[in-house]
Amino acid sequence: MSEGKTDTGAGKDDKALLRVHDRELELNVLHGTMGPDAVDVRNLYRQAGVFTFDVGFTSTASCESKITFIDGEKGMLLYRGYPIEQLARYGDYLETCYLLLYGDLPTQDERARFEHEITRHTMVHEQISSFFRGFRRDAHPMAIMVAVVGALSAFYHDSTDINDPYQREVATRRIIAKVPTLAAMAYKYSLGQPFIYPRNDLDYASNFMRMCFAVPTEDYHVNPILARALDRIFILHADHEQNASTSTVRLAGSSGANPFACIASGIACLWGPAHGGANEAALKMLMEIGTPERIPEYIARAKDRNDPFRLMGFGHRVYKNYDPRARIMQQIAQEVLAEVGDPNDPLLEVARRLEEMALKDEYFIERGLYPNIDFYSGITLRALGFPTDMFTVLFAIARTVGWVAHWREMIADPQRKIGRPRQLYTGPTLRDYVPMTERGTGLSDAVHHRNDPC
Ligand code: ACO
């Protein structure tokens, strides 16, 4: 660890030595301001004709970034240097957005202006509602989100030129403002209820709740305790450095694709159960377990190498200690259940007991497996009134600002290059084309054992 260092780039005496075949190479060691140093392998292929091999990027820093820092051993998460605990306690989501985008907490005037600009962009082009009507009513809202967020580039051509700083600012505001509107529309569409227009006098979370839960036939009063809980949930999910969906956004953006298309790619990646889909999967798992008596059976399954089952909401690529967001999420769950549900909700009890038992188990201790943010978020979101298939959508709303902040950072980086990894090829070596008449008849084993997809 090189905590506290302020220099970036290689120091004169800071070299890593690498022997490849018969050659010895000197590689620069780069220092960040916090976190592990990085060996600079950018010229390795040119110098030695070899690649590095790192499936899943477990030891690869894919870029330089000033936005978010995680120390997975200590369970620390900082946005622009500020601890997540302080932001979730004292801050709100919109100022967190400003912080992630611009590097500092806003002054009062900056805050007021930013809020005004976001709330004045919350409506979507009216024709988008016709676009919605092409979907099946039972479509998963994440499927709809991938499509409609990508489609924004078809409605807002005037903010797709990535080389124009003004258009980048407009796209930033449009995306952050409109994603909740689209998410609420996806929900309303699944219910067969009319879309509810945004209201500019409400804060970000309250406006979203109203667009989801209000109906035109009666007044809807947003419960401020629940709105504050949702706002804090948004803060917790706002960014998480180079996670899978953010890296996807960066990779898509590295080709020069427009920001709406890039954010749609992030939403697609987030949907997977190993990433944002885990909150939905964690709640389903807790419901399946049902009672504390069945917990040992599920722990045994999670430990069984022959069973693909994993404890959902447990484990993390970076955190090998308690995910700091999971602690805050547990508190929010209690507050929300005290307000609208049962503070002794049996599922909360199952979750607590499962956590307790897993954390005492050698299997989980050895591997550094702790609850992650998704472990308690499903219980909380359900108590807030959202159905399970909206959980990942809520995550997407919150993470949108992180994706946009990283996309902006990448576009502004003079070192920007198209992302283009290489591979360790293990396929057939050079061979000549065989004409059909010489290939014989019959089915190969691979075809024979395949299930017919029709
Ligand atoms: N339950 C049981 N065993 C687990 C779990 C789990 N949830 N997570 C990891 N392990 C085990 C693995 O089987 C492996 O064991 P082994 O060394 O005996 O083979 C070891 O721990 C390391 O696991 P990896 O899969 O190599 O860890 P990786 O960093 O690739 O995966 C991940 C991280 C995907 C999050 C994983 O822990 C997981 O699948 N968790 C459940 C899904 C989940 O909660 N995802 C949410 C992540 S947070 C987020 O996206 C907001």
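Laboratory data are not the source of any read-out in this text; all were calculated from the coordinates shown. Just so we're clear, the structure is a prediction, and the values are computed from it rather than from any experiment. Using ideal geometry, Cβ is built from the backbone for each residue, glycine included, and neighbour counts are taken over all protein chains shown.
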- Task: Quickly estimate the mean residue ellipticity at 222 nm for the chain, helices only: each DSSP H run with n ≥ 4 gives -39500 (n - 2.57), and the total goes over all residues, rounded to 500.
- Result: -15000 deg cm²/dmol
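Using only alpha carbons, build the gyration tensor for region 97-191 and give me the equivalent ellipsoid semi-axes, biggest first, whole Å.
Over the Cα atoms of region 97-191, the semi-axes work out to 28, 15, 11 Å.
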- Item | Tensor-based shape of region 30-154 (alpha-carbon gyration tensor, a/c under 1.5 rounded, otherwise prolate or oblate) | oblate
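Taking only the Cα atoms of region 300-454, how large is their convex hull per residue, in Å³?
It comes to 266 Å³ per residue, whole-number rounded.
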- Of all C-alpha pairs within region 260-378, those more than 23 angstrom apart amount in percent to 30 percent
- Item | Bins of 20 Å, starting at 0 and running to the largest distance - Cα pair percent for the chain | 22, 52, 24, 2
- Dividing the alpha-carbon radius of gyration of region 22-92 by 2.2 N^0.38 Å, where N counts its residues, gives 1.50
- Message: Loop only by DSSP, 11 or fewer other Cβ within 10 Å of the Cβ. Give me the chymotrypsin sites (Phe, Trp or Tyr not before Pro) in region 341-445 that pass, ordered by residue number.
- Response: TYR425, TYR433
- Message: Going by average Cβ density within 10 Å per residue, which order do the peptides 37-49, 164-176 take, highest to lowest?
- Response: 164-176, 37-49
- Message: Expected output is a single nm value to one decimal: the length gained when fully extending between TYR197 and ALA300, i.e. 0.36 nm times separation in residues minus the C-alpha distance. What is it?
- Response: 32.2 nm
- Item | Karplus-derived HN-Hα couplings along region 48-63 (A = 6.51, B = -1.76, C = 1.60, θ = phi - 60°), whole Hz, x at Gly and Pro | 10, x, 10, 9, 8, 10, 8, 4, x, 6, 5, 10, 10, 8, 7, 6
- Rounded if a/c is under 1.5, else prolate if a/b is larger than b/c, else oblate: which is region 280-335, with a ≥ b ≥ c the root eigenvalues of its Cα gyration tensor? oblate
- Per-residue HN-Hα couplings for region 129-138, Karplus 6.51 cos²θ - 1.76 cosθ + 1.60 at θ = phi - 60°, whole Hz, x for Gly and Pro? 5, 5, 4, 4, 5, x, 7, 5, 5, 9
- So who's got an amide H within less than 5 Å of the one on ASP37, skipping anything under 5 residues away but keeping other chains? H placed 1.01 Å off N, in plane. SER2
- Item | Alpha carbon convex hull of region 140-205, projected area averaged over orientations, nm² | 5.3 nm²
- Query: Taking amide hydrogens as modeled 1.01 Å from N in the peptide plane, which residues meet the under 5 Å criterion relative to SER65, leaving out close sequence neighbours?
  - Reply: none
- For PHE314, the residues 5 or more places away or on another chain with a placed amide H closer than 5 Å to its own amide H are ASN372
- For region 156-301, what Kirkwood radius comes out of the mean inverse Cα-Cα distance, in Å? 18.1 Å
- Message: So if I take the centroid of the Cα atoms in region 315-345 and the same for region 197-227, what is the distance between those two points in Å?
- Response: 24 Å
- Isotropic mean projected area of the C-alpha convex hull, region 73-130 (nm²): 6.0 nm²
- Query: What list do you get for SER245, SER206 if you sort them by fewest beta carbons within 10 Å?
  - Reply: SER206, SER245
- Query: Between their Cα atoms, which of LYS178/LYS417; LYS320/LYS360; LYS66/LYS417 are more than 24 Å away from each other?
  - Reply: LYS178/LYS417
- Task: Kindly provide the pair-distance distribution of region 311-387 built from C-alpha pairs, with 5 Å bins from 0 and whole-percent values in order of increasing distance.
- Result: 3, 16, 27, 24, 15, 9, 4, 1
- Message: Can you compute the FRET efficiency between LEU17 and THR217 using 1/(1 + (r/R0)^6), with r the Cβ-Cβ distance and R0 = 60 Å? Round to the nearest 0.05.
- Response: 0.25
- What ranking, highest mean first, results for peptides 184-197, 132-145, 107-120 when packing means the other Cβ atoms within 10 Å averaged over each residue? 184-197, 132-145, 107-120
